[in-house]
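Enquirer: Supplied in structure tokens, the structure appears directly below.
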Amino acid sequence: MLNKITQNPSVQKWQDQAKVLGNRLADHHISLAVTGLSKSGKTAFITSLINQLINARDGAQLPFLNVVSDNRLIGVKREVQPDVTVSRFAYEQGMENLSNIPPLWPNSTNGVSQVRLLIKYKSQSRLRRLVSQHSTLTLDITDYPGEWLLDLPLLETDYQTWCERFWEDVKDGDKATLIAPFKEALSAINLHDEVDEMQLQSIALRFTEYLHACKDAGYQLIQPGRFVLPGELDGAPVLQFFPISLEQLASTKDHTRSISQHSPASLLQQRFEQYQSKVVKPFYKKHFKRFDRQIILVDCLSALNLGAHSFNDLKKAINWLLGSFHYGRSNILKRIFAPNIDKLIFAASKSDHITPDQQPNLVKLLESIVHEARQHIQYEGVATESTAFSAIRTTSVGQSQVNGKPIQVLSGAKEDGSILNLYPGDVPSQCPEDDFWDKQGFSFPNFMPKALAHDRQALPHIRIDHILQFVLGDKLE
């Protein structure tokens, strides 16, 4: 009978929550938010982080992680899945891809997944050593699609405001061209008629196609995110809404009292609100309100490659989404009941795609992107840092000469397996002005991962140990 009770999923969930509560009370638990837009490298980063920690005593290069360099780390293991309703992070599959011949990148995220690691170490604290010779830090990491992340600010707006912001945003020249098919479809609807669900579905499809076109063109701020990566909601009516035009919006305001509850105008607003309450809010409450440490991954190089529209959209998106998290120093009550993020590191990904002499510029560029948001976060007492890193290093650095002068060059494998040797160019040290884009001379190509000897090998990286020390170091003292 007792076994049946303890095996009940609701009882197991309560036991797990009690365990987390106890660990928070003892300050032995970290819930880490790995935050980044689509293609920023979240899955590769989490795969590498797990790999480095598991192999920390067996070949991983982590000289700046103090618990390793002080020889206090005993071991790291993966714990049983903490939430049985959430998918298990596919670490083994990622390592299998990287061990393939030729190597492949881990599959991109298409849903929420989690991993829990137990880090056993020798504490430097006399008080902790009185209780036990060994201490254990529980580390929870959640992976989720970057597309869904940008929906969080929608919780702070209403349908009318969302429509107004949408049409203000599409004044950009490229978007004005991309949106033409959606505008044509939208013009055919009468918002005061009885609802024709097939017509709404057709227009919602044109809207979804527009969002996909924006994503393909390099835009970063794509909303609603579930429209481009619906997951289990594919085909659901909650994803069949769209912004009406400013003229249509004015018309609905003029006829507020006469609008039927069964009209398209009313139904579109209802579905927007249902998207907020049934999709975005549960996702936010379940995964985002309990984080106490955060890593913001930013792919500056891909945005530079794609041009001014992509880079400016990246800056807007990063600063906008930072408003969705709770920042501030944690105390014992906050750790138990409402943990806030008290440490945050901004990390420019893919630093192996540029030469080492350009990496300081990449950090400065990142800092210029997040400058305004960072000032607010620091005012709340949050410790912040910026770095450039590579989760899985793909290139080697060599020397060449141009006009008799030595320069650093990169060598790495392209997708077709051929080896590319190049100097990719200079990275701007601050957000570029408009005239910069007419004369820029860089090209930051994508590379494939290097072959591994076996799937248990420590992955090559750049500065993962710096990131681990900043995020976990104080908890491993």
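What follows is calculated from the coordinates using simple rules that are stated; it is not laboratory data. Source: prediction; values computed, not measured. Backbone-built Cβ (ideal geometry, glycine too); neighbour counts: all protein chains shown.
Enquirer: Of the DSSP beta bridges with both residues in the stretch 61-167, give the percent that are antiparallel, rounding to the nearest 5.
Expert: The antiparallel fraction comes to roughly 90 percent.
Enquirer: Now a separate question. Work out from phi, with θ = phi - 60° and the Karplus expression 6.51 cos²θ - 1.76 cosθ + 1.60, the ³J(HN,Hα) of each residue of the stretch 157-163, listed in order in whole Hz, and give x for Gly and Pro.
Expert: Whole-Hz 3J(HN,Hα) from phi for the stretch 157-163: 9, 10, 4, 4, 5, 4, 4.
Enquirer: Under 15 Å from a point placed 7 Å out from the Cα of SER277 along the Cα-to-Cβ direction: which residues of the stretch 188-206 have their backbone N that close?
Expert: Under cut-off, by backbone N: nothing.
Enquirer: Please report the antiparallel percentage of the DSSP beta bridges confined to the chain, to the nearest 5.
Expert: 55
Enquirer: Order these by the 10 Å Cβ neighbour count, fewest first: HIS454, HIS353. Please list the in-between numbers first.
Expert: Working: HIS454 7, HIS353 24.
Ordered from fewest to most neighbouring Cβ atoms within 10 Å, HIS454, HIS353 come out as HIS454, HIS353.
Enquirer: Taking square-rooted eigenvalues a ≥ b ≥ c of the alpha carbon gyration tensor, is the stretch 396-438 rounded, prolate or oblate, where a/c under 1.5 means rounded and, failing that, a/b exceeding b/c means prolate?
Expert: Values: a/c = 2.78, a/b = 1.45, b/c = 1.91.
Oblate shape, in that a/c is at least 1.5 and b/c is the bigger or equal ratio.
Enquirer: Tell me, what is the percent relative contact order of the chain, built from C-alpha pairs under 8 Å that lie six or more residues apart?
Expert: Result for the chain is 20 percent.
Enquirer: Additional query: Near LYS364, which lysines are there with a Cα under 27 Å away, not counting those fewer than 8 places off in the same chain?
Expert: Of all the lysines, those that pass the test against LYS364 - Cα under 27 Å, at least 8 places apart if same chain - are LYS39, LYS42, LYS215, LYS315, LYS316, LYS343, LYS350, LYS405, LYS439.
Enquirer: Report the Cα centroid-to-centroid distance between the stretch 356-417 and the stretch 170-207 in angstrom, as an integer.
Expert: Here the two parts' Cα centres lie 41 Å apart.
Enquirer: How large is ³J(HN,Hα) for each residue in the stretch 88-96, as worked out from phi by the Karplus curve 6.51 cos²θ - 1.76 cosθ + 1.60 (θ = phi - 60°), to whole Hz, x for Gly and Pro?
Expert: Coupling constants for the stretch 88-96: 6, 4, 7, 5, 4, 5, x, 5, 5 Hz.
Enquirer: Residue by residue, what Karplus-based ³J(HN,Hα) values in Hz, rounded to whole numbers, does the stretch 173-187 have, using 6.51, -1.76 and 1.60 with θ = phi - 60° and x for Gly and Pro?
Expert: Computed from phi, the couplings for the stretch 173-187 are x, 5, 5, 4, 6, 5, 8, 3, x, 5, 4, 5, 5, 5, 5 Hz.
Enquirer: What is the stretch 354-468 by shape, rounded, prolate or oblate, if you read a ≥ b ≥ c off the alpha carbon gyration tensor as root eigenvalues and call it rounded for a/c under 1.5, prolate for a/b larger than b/c, and oblate otherwise? Please report the intermediate quantities before stating the final value.
Expert: Working: a/c = 2.34, a/b = 1.23, b/c = 1.90.
In terms of gyration-tensor shape, oblate.
Enquirer: Here's a follow-up. Would you compute, from DSSP H runs of 4+ residues alone, the mean residue ellipticity of the chain at 222 nm, taking -39500 (n - 2.57) per run and dividing by the full residue count, rounded to the nearest 500? Intermediate values should be presented prior to the final figure.
Expert: Working: 19 runs with 187 residues, N = 477.
Mean residue ellipticity, 222 nm, calculated: -11500 deg cm²/dmol.
Enquirer: Once you charge only the Cβ atoms, +1 for Lys and Arg and -1 for Asp and Glu, what is the size of the charge dipole of the chain about its Cα centre, to the nearest 20 debye?
Expert: Dipole size: approximately 2480 debye.
Enquirer: Considering only DSSP beta bridges with both partners in the stretch 293-431, what is the antiparallel share in %, to the nearest 5?
Expert: Antiparallel bridges: around 50 percent, rounded to the nearest 5.
Enquirer: Can you bin the stretch 45-182 into rounded, prolate or oblate? Criterion: square roots of the alpha carbon gyration tensor eigenvalues sorted a ≥ b ≥ c, rounded for a/c under 1.5, prolate for a/b above b/c, oblate for the rest. Please list the in-between numbers first.
Expert: On the way: a/c = 2.85, a/b = 2.01, b/c = 1.42.
Judged from the Cα gyration tensor, the stretch 45-182 comes out prolate (a/c at least 1.5, a/b above b/c).
Enquirer: A further question on this structure: Under a straight-distance cross-link criterion of Cα-Cα below 13 Å, which aspartates and glutamates are reachable from LYS475, leaving out those fewer than 8 residues away in the same chain?
Expert: The reachable aspartates and glutamates, counting only those whose Cα sits under 13 Å from LYS475, are ASP27, ASP292, ASP342.
Enquirer: Report the Cα-based extents of the stretch 152-283 along its three principal axes, largest first, to the nearest Å.
Expert: 42, 35, 28
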